[in-house]
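Undergrad: Pasting a structure below so you can have a look.
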Amino acid sequence: MGSFIANLAQIIALCRKEIVALLKDPANRVILVGPALIQSMLFGYAATFDLKYVPYAVLDQSHSAASTDFLSHLEGTGIFRREATLANPHQIGQVIEEGRVLMVVSIPTDFADRLAMGRRAPVQIILDGRNSTTAGAAAGYVNAVTTSFNEARGVASPVTVVRRAWFNPNLDSRWQIMPAMIATLSMLQTLLLAALSVAREREQGTFDQLLVTPLTPLQILVGKAVPSVLVGVMQSTIVLLIVRFWFEIPMAGSLWLFYLGLFSFTGASVGIGMSISALSLNMQQAMLYTFLVIMPLTLLSGLITPVRNMPEVLQVLTYVNPLRFGVDLVRRVYLEGAGLLDVAPDFLPLVVVAGVTLPLAAWLFRHRLA
Amino acid sequence: MNHSAFLTRLIALIRKETRQMLRDRSNLLVGLLLPVGLILLFGYGLSFDVKNAPVAIVMEDTSAAAREAVSGIEGSRYLVPVRTTSMREAEDLLTSGRVDAIVRVPIDFAQAQARGDARIQLILNGIDSTTARSLEAYVGGALGTVSLRRLDRGTGVPGSSGSVEIVQRTWFNEAGISTWYLVPGLVVLIMTLVGAFLTSMLIAREWERGTLEALFVTPVRPLELVLAKLAPYLLVGVVDLAICIVAARVLFQVPIRGSLLAIFLTSVAYLIVSLLLGLFISGITRNQFAASQMALLTSFMPALMLSGFVFDLRNVPLVVKIVSQIVPATHFMGVIKTLFLAGTNWTMVAQSCAIMLGYALLLLALTWRTVRKRLD
Amino acid sequence: MTETPPSVVIEGLSKRFDGPDGKPFEAIDNMSLTIRPGTLAAFVGPDGSGKTTLMRMMAGLLQPDDGSLHVLGIDLAEDPQAVQNRISYMPQRFGLYEDLSVQENLDLYADLHGVPQDVRSERFSRLLAMTDLAHFTGRPAGKLSGGMKQKLGLACTLVRVPDLLLLDEPSVGVDPLSRRDLWEIIKQLIAEEGLSVIVSTAYMDEAGRCDHVFVLNGGRLLAEGTPADLTARAKGLTYVVTPQDGVPARNLQARLIDAPDLVVDAVPAGGRVHFIRQPDSDEARLHALLPDCDPQPRKEELEDAFMLLLHQQDTPGQDASTPPPLASQEIHGPTNGHGEGPVILVRDLVRRFGDFTAVANTSFDVARGEIFGLLGPNGAGKTTTFRMLCGLLPATSGELQVAGVNLRTARSAARARIGYVAQKFALYSNLTVYENLDFFGGAYGLRGARRRKRVEEIICQFELDPSAQSGNLPLGYKQRLAMAAGLLHEPEILFLDEPTSGIDPLARRAFWRTITALAQAGVTVVVTTHFMEEAEYCDRIAIQDAGRLLAIGTPQQVREESGLEGGHMNEAFIAIVEKARAEEGQAQEAA
């Protein structure tokens, strides 16, 4: 018991040193809080796939009451904003290519006649496919408007699809991205922080000083990992507060499960960071390796594009990516209100990654030769 | 000024930078391996295009009409129907993430259809709203094909009024493949990367290692130092550009509709700006750690998030929009996507090159000041 | 032909910097001096005396705040580039491009200086021959030893014949052999090319070789003159005294240095003690200090004059020089009893890196309470041996015991018995003195009230300011803090890796005073050093070169072995290493 307390006291001394060293520098304090704050605000506004308005141009060759009616329906949604009215088809190329409009609505000369005859009247929309995701969304809006236009004219489509989206009723992409940012933003810095923790001491020569004290590798590991995990969870909390109270995305799940998930996820990230750190001889190497690791971790996490859309091989690779499970866990607990049993499969890989990388780092402390 | 002495010194410095670059393995790692890795990841790994998405089908009405209504889903190349026996089962599948959507045909479907008020319920998992939106369109389309067939069959009976039908054409990317716009955007990211991570270390490293002090007390002029650091990395950037173009064309079949010359010109113009930005960061921070942090936050992240790479800039609030216009990558992003997918538009090329020239001159002047041969 | 202007004319020169405490301080304070052309001039002074600042200003790298500075007759404020085109400057840390080869580094500087191709090959072969680097032209500069790097730096500086050569502490961290080579090159160039050279140095023997010496302290010019003029200032004040049998010279030295009102300075030398008495000291009290000893006058040296000058000027705030009053206090020695037998035992120790043997078949013992010195040129294997002793590096083969265990495999508690002071005094630079000590106390398992008490004791003992940020401390204080951290837990054995590197003579005296006190209290001390005169403080020393142990014994025995009995330790060291290298060469030829 006494030795346990002595053990703990040594770890606490190391933790305290790490935290004091980190927080002492005012620049560090800014670096720990500033980027998380700014990035979550910026991405909250910038990182969205939703079109709030679609700039478009009209080529109305029909010049009829029917075409005007159709166009006013379009503009009545408030989404479509007419940027130009074209006189002939040759102008289409120019307005699209310059990026002035996302879409051109072209109404042919026989539009009104066909409608009057009870036939199908085609309206052509030309989309700028340089961002096909945006183009697809715009097309979706036009289709919805057209359906309602037809219904208003008394032509009910044979089957109506009634949509209901669970967990995100308006299919707002901010709801998709921002909760995932709670995990992602903190990982970027936590990983670097952990990666630099040992590398910095090696470079400055203090690591030798640490190794000749009676501290065991395990104690050094715990003493260095705990502050990094705390910083990570602190940053996650900042993002969480912004997501919840600034962007007002409702949280469905339990807070304790959410934090349990965050701690496991941050633990796994810190494990990777510490292993990088123990492998690196200096800070430059540590930063480089971290960057090489962060890229695939972020891109293959399902943060922006779903894991299911990836080729099989890459999907298998994502099993070692803590961010994949971190993002999934955070999203599901936050938006779905998933319970512990639902997200248990996400915990397993996180625990395995932490369980492998942390002891590996501890072993490398002494066995990585200069 | 003696031109031949200037050239001798410049060549000597370029030779030195080139040798250092080639001998430092980490440079090759970031300069060549990382771009190749990114190309493969973006080309194969990232896609917004839904393929074979599992959709649970709940047939509460088993009539022929109901079966016909959902038959379109089986024919869709985007969707894979998963038959379920109860709504409960389907809901379980949805919450556990094994299906992405539920299509529910209500028990009174056939009667409702006879009344002309048929409804099919589509339940989506909104956690991934992008996929959900695509699915909505695909399911709607799949169900619609049946309706259209019915309508066509019934063309002999003209309705009281006709209906508007949308004929969609997507220019530049007819099939709407996301890889087509991700890969040209990747050129921007890689050009940014070379600048942000390779050059941001360069001057800082010389300050840290103390090599500048001895160099300063020679006839070397500050401009020579800056130019010499630019040259070899410009070459790395051009090699990366070539890799990107070849990979885009050969591996991912992305069309290159613009002229290669225009692509080369705009890319090199942006590359110079990117390299100078890296050098400038390096010169003001004077230490590698701060330089890499600043490069990440001020050059790479904005290029990724604010340049219109994935996220359309039309939707952002004014403040963010202004910020995005300050980011050089934004201007390059627009041009390079056009050059790849739309074709050569010399007005845009000239405009972009002019903007880059402005940035380059500004950054060159600023960087120049940071190596003005003084220690205090 | 017009008369050559003076190399350097300085008038009323001042330069201010922001100090660590945020307040400005005068790095150069209203200084005026003139250096004649064609001479070898030296700046000497303790750390922070302004040597480097002055050098950098002469190179046009720093702008003066006040006063004027003319180099080669050109006003630096007006046209620094014109000066930089004509001078060559070797900064303290000559920044070689470590990933470029020796030849590529030379080519780069030759191109930058616009050396024509036709004179280049002749110049290069001469420089390479002088620096002994001819065989290594293809080797990356980063793979050279410290001494070779310094020689290459000098060669790069001298790719063309400059009108003025500035050398800022060219021999810091360089072993005696390389130091001697460097000076031979400089001397040769002066003789053959009539070079004007300005050098700054912390070594008095180097200053002694110059034509004119400027003594700086606290940004002011303390004295100037030829070495002979300056040396004469100590005339009649220098003595040598032999300790009684059985008393280590360092104990007598400690007693002398603890009486600053009588004695300016004292150092052990060849089993005896050299000291300088205060000019107005009381004869009787001096004799009382040296009972049964008979001080003999000795010939004064430049170092004596230097110490005298600095002490006369002694200003408060410069007290890194005054030793911590350890002698007057109770030293906390090891808490466990004094056992018999060696504390450190090394048998047939070998360490290889790939096919390179860093340490070959080394055996030695260190007895309890002994001060054991590990000496050798750069890259001799000292640091490798040292790291193996501390358990930081596994041995390839051989036996190794420290306090009865191998620290690499021993339980961590065993490490509580040793203290360690790393090279360059590695400490957490953004923590305060107190926070550093508090942390190391915790790491060594001290807890609660005991830790607080111990930290306060040691802060008091080493006269540290607990709230000072350790990264901002002057080097001498950093060294004290590192020592304090290594002694917090009252270890039995203290390991010190180059604890005096870069430290000026005043702070080095203080350091050794502390070590002497520790040894008196029974602590075993293992120390590596570049300063050969420091071997005199050791009970026994071992000399290593190329991984092999060349000599081991008391300083006196080692001197005898070298065949230079009365000589300076420096010469004894050079003789031993050269003899061994010659034998090695012969053996290779025979094979």
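The values are calculated or read from the model by the stated rules, or taken from the named source; none is laboratory data. A quick note: this is a predicted structure, and the numbers were derived from the prediction, not measured. Cβ atoms come from the backbone with ideal geometry, glycine included; neighbour counts cover every protein chain shown. For accessibility, only protein heavy atoms count, side chains too; no ligands or nucleic acids. Shrake-Rupley method; radii C 1.70, N 1.55, O 1.52, S 1.80 Å.
Undergrad: Ratio to report: Rg/Rh of chain B, with Cα atoms as the point set and Rh obtained by the Kirkwood method; give two decimals.
TA: In chain B, Rg relative to Rh is 1.16.
Undergrad: OK, next. At what distance in nm do the modelled label points of C:Glu192 and A:Met41 sit from each other, each positioned 7 Å from its Cα along Cα→Cβ?
TA: Distance between label points: 6.7 nm.
Undergrad: Could you give the angle, 0 to 90 degrees to the nearest 10, between helix C:475-487's Cα long axis and the longest principal axis of the Cα atoms of chain C?
TA: The two axes meet at around 20 degrees.
Undergrad: Identify, among C:Leu290, C:Leu473, C:Pro342, the residue whose Cα sits farthest towards the positive end of the charge dipole of chain C, taking +1 on the Cβ of Lys and Arg and -1 on the Cβ of Asp and Glu, with the dipole about the Cα centre.
TA: C:Pro342
Undergrad: Distance in nm between label sites at C:Asn30 and C:Ala410, each 7 Å beyond Cα in the beta-carbon direction?
TA: Between C:Asn30 and C:Ala410, the label points sit 5.8 nm apart.
Undergrad: Then there is this: On full extension of the chain, what length is gained from A:Trp246 through A:Leu341, given 0.36 nm per residue of separation minus the C-alpha to C-alpha distance?
TA: Length difference between fully extended and current span is 31.2 nm.
Undergrad: I'd like the FRET efficiency for C:Phe356 and C:Arg285, computed as 1/(1 + (r/R0)^6) with the beta carbon distance as r and R0 of 60 Å, rounded to 0.05.
TA: After rounding to 0.05, the efficiency reads 0.55.
Undergrad: From the helices alone, meaning DSSP H stretches of at least four residues, give me the mean residue ellipticity at 222 nm for the protein assembly as shown, per-run term -39500 (n - 2.57), in deg cm²/dmol to the nearest 500.
TA: Mean residue ellipticity at 222 nm (helix-derived): -16000 deg cm²/dmol.
Undergrad: How big is D for the stretch C:8-223, in µm² s⁻¹ as a whole number, if Stokes-Einstein is applied with the Kirkwood radius of its Cα pairs at 25 °C and 0.890 mPa s?
TA: The diffusion coefficient I find is 137 µm²/s.
Undergrad: Here's a follow-up. Among all the lysines, which ones have a C-alpha under 22 Å from B:Lys337's C-alpha, if same-chain residues fewer than 8 places away are not counted?
TA: Within the straight-line cut-off, B:Lys337 pairs with B:Lys321.
Undergrad: Please give the direction-averaged projected area of the C-alpha convex hull for the protein assembly as shown, in square nanometres with one decimal.
TA: 59.0 nm²
Undergrad: Next question. Which whole-number percentage describes the relative contact order of chain B, with Cα contacts under 8 Å and a sequence gap of 6 or more?
TA: 19 percent
Undergrad: Can you find, among B:Leu32, B:Met21, B:Ala175, the residue sitting farthest towards the positive end of the charge dipole of chain B, where Lys and Arg contribute +1 and Asp and Glu -1 at Cβ?
TA: Positive-most Cα among the choices belongs to B:Met21.
Undergrad: Can you give the charge dipole size of the stretch C:231-313 about its Cα centre, rounded to the nearest 20 debye, using +1 on the beta carbon of Lys and Arg and -1 on the beta carbon of Asp and Glu?
TA: Computed about the Cα centre, the dipole is about 160 debye.
Undergrad: Using unit Cβ charges (K, R positive; D, E negative) and no other charged atoms, how large, in debye to the nearest 20, is the dipole of chain B about its Cα centre?
TA: In debye, rounded to 20, chain B gives about 1440.
Undergrad: Between B:Phe109, B:Ser76, B:Gly237, whose Cα lies farthest towards the positive end of the dipole of chain B when Lys and Arg beta carbons carry +1 and Asp and Glu beta carbons carry -1, centred on the Cα centre?
TA: Going by the Cα projections, it comes out as B:Gly237.
Undergrad: Taking the alpha-carbon centroid of each part, what is the distance from the stretch A:326-370 to the stretch B:89-143 in angstrom?
TA: 34 Å
Undergrad: Please identify the DSSP H helices in chain B that span no less than 18 Å along the helix axis (Cα) and have a mean Kyte-Doolittle hydropathy of 1.6 or more.
TA: Helix filter hits for chain B: B:178-193, B:222-246, B:260-285.
Undergrad: Which links in C:Lys51/C:Lys478; C:Lys151/C:Lys235; B:Lys229/B:Lys373; C:Lys149/C:Lys382; C:Lys235/C:Lys579 stretch past 27 Å when you go from one Cα to the other?
TA: C:Lys151/C:Lys235; C:Lys235/C:Lys579
Undergrad: Still on this structure, please answer the following. May I ask for the net charge around C:Arg16, where only other residues with Cβ less than 13 Å from the Cβ of C:Arg16 are counted and Lys, Arg are +1 while Asp, Glu are -1?
TA: Summing Lys/Arg as +1 and Asp/Glu as -1 gives -4.
Undergrad: If you don't mind, there's one more thing I want to ask. R0 = 22 Å: FRET efficiency of B:Ser71 with A:Tyr141, Cβ-based, nearest 0.05?
TA: That gives a FRET efficiency of 0.20.
Undergrad: Can you give me the angle between helix C:302-313 and the longest principal axis of chain C, using Cα atoms only, in degrees from 0 to 90, rounded to the nearest 10?
TA: 80 degrees
Undergrad: Given Cβ point charges of +1 (Lys, Arg) and -1 (Asp, Glu) and nothing else, what value in debye, to the nearest 20, does the dipole of the protein assembly as shown about its Cα centre take?
TA: Roughly 4240 debye for the protein assembly as shown.
Undergrad: Going through the stretch B:62-134, which trypsin sites (Lys or Arg not before Pro) have at most 12 other Cβ atoms within 10 Å and a DSSP loop state?
TA: Sparse-neighbourhood loop trypsin sites (Lys or Arg not before Pro): B:Arg77, B:Arg98.
Undergrad: Could you work out how far apart the two model spin labels at B:Glu165 and A:Ser3 are, taking each label as a point 7 Å from the Cα in the direction of the beta carbon, and quote it in nm?
TA: 8.5 nm
Undergrad: Give the calculated FRET efficiency between B:Val238 and A:Ala87 to the nearest 0.05, with a Förster radius of 41 Å applied to their Cβ-Cβ distance.
TA: The value I calculate is 0.40.
Undergrad: Can you tell me the orientation of helix C:102-112 relative to chain C, as the angle in degrees between its alpha-carbon axis and the longest Cα principal axis, to the nearest 10?
TA: Roughly 40 degrees, rounded to the nearest 10.
Undergrad: Given the stretch A:96-233 reduced to its alpha-carbon atoms as identical point scatterers, what log10 I(q)/I(0) does the Debye formula return at q = 0.12, 0.15, 0.22 Å⁻¹?
TA: Debye curve over Cα of the stretch A:96-233, log10 I(q)/I(0) at q = 0.12, 0.15, 0.22 Å⁻¹: -0.75, -0.95, -1.31.
Undergrad: Can you tell me which lysines have their Cα less than 22 Å from the Cα of A:Lys224? Leave out same-chain residues fewer than eight positions away.
TA: Here the lysines satisfying the reach criterion relative to A:Lys224 are A:Lys17, A:Lys24.
Undergrad: Reported to two decimal places, what Rg/Rh ratio describes chain C when computed on Cα atoms with Rh from the Kirkwood expression?
TA: Here Rg/Rh amounts to 0.97.
Undergrad: Okay, moving on. In the stretch B:250-362, how does Rg compare with the Kirkwood Rh, expressed as the Rg/Rh ratio over alpha carbon atoms?
TA: Expressed as Rg/Rh, it is 1.00.
Undergrad: Grab the Cα-Cα distance for A:Leu23 and A:Trp256, subtract it from 0.36 nm times how many residues apart they are, and report the gain in nm with one decimal.
TA: 81.2 nm
Undergrad: Please list, by residue number, every one of the GluC sites (Glu not before Pro) in the stretch C:542-591 that is coil in DSSP and has at most 12 other beta-carbon atoms within 10 Å.
TA: Listed in order of number, the matching sites are C:Glu565.
Undergrad: Just tell me the longest site-free run in chain B, where the sites are GluC sites (Glu not before Pro) in a DSSP loop having at most 15 other beta-carbon atoms within 10 Å.
TA: B:175-376
Undergrad: Need the list of aspartates and glutamates near C:Lys453 for cross-linking: C-alpha distance under 12 angstrom, and skip anything on the same chain fewer than eight residues off.
TA: Counting by Cα, and skipping residues close in sequence, C:Lys453 has these aspartates and glutamates nearby: C:Asp438.
Undergrad: Moving on. Relative contact order (percent) for chain A, with alpha-carbon contacts under 8 angstrom and 6 or more residues of separation?
TA: Relative CO of chain A lands at 19 percent.
Undergrad: Heavy atoms of the protein only, probe of 1.4 Å, neighbouring chains included. What is the accessible area of C:Phe356 in Å², nearest 10?
TA: About 120 Å², ignoring ligands and nucleic acids.
Undergrad: Tabulate in residue order the Karplus-calculated ³J(HN,Hα) for the stretch B:250-255, using 6.51 cos²θ - 1.76 cosθ + 1.60 with θ = phi - 60°, rounded to whole Hz; enter x for Gly and Pro.
TA: 7, 7, 10, 6, 6, x
Undergrad: For the interface of chains C and B, what total accessible area is buried with a 1.4 Å probe, rounded to the nearest 100 Å²?
TA: 2600 Å²
Undergrad: Taking the alpha-carbon set of the stretch A:54-166, what are its Rg and Dmax in Å?
TA: 14.5, 45
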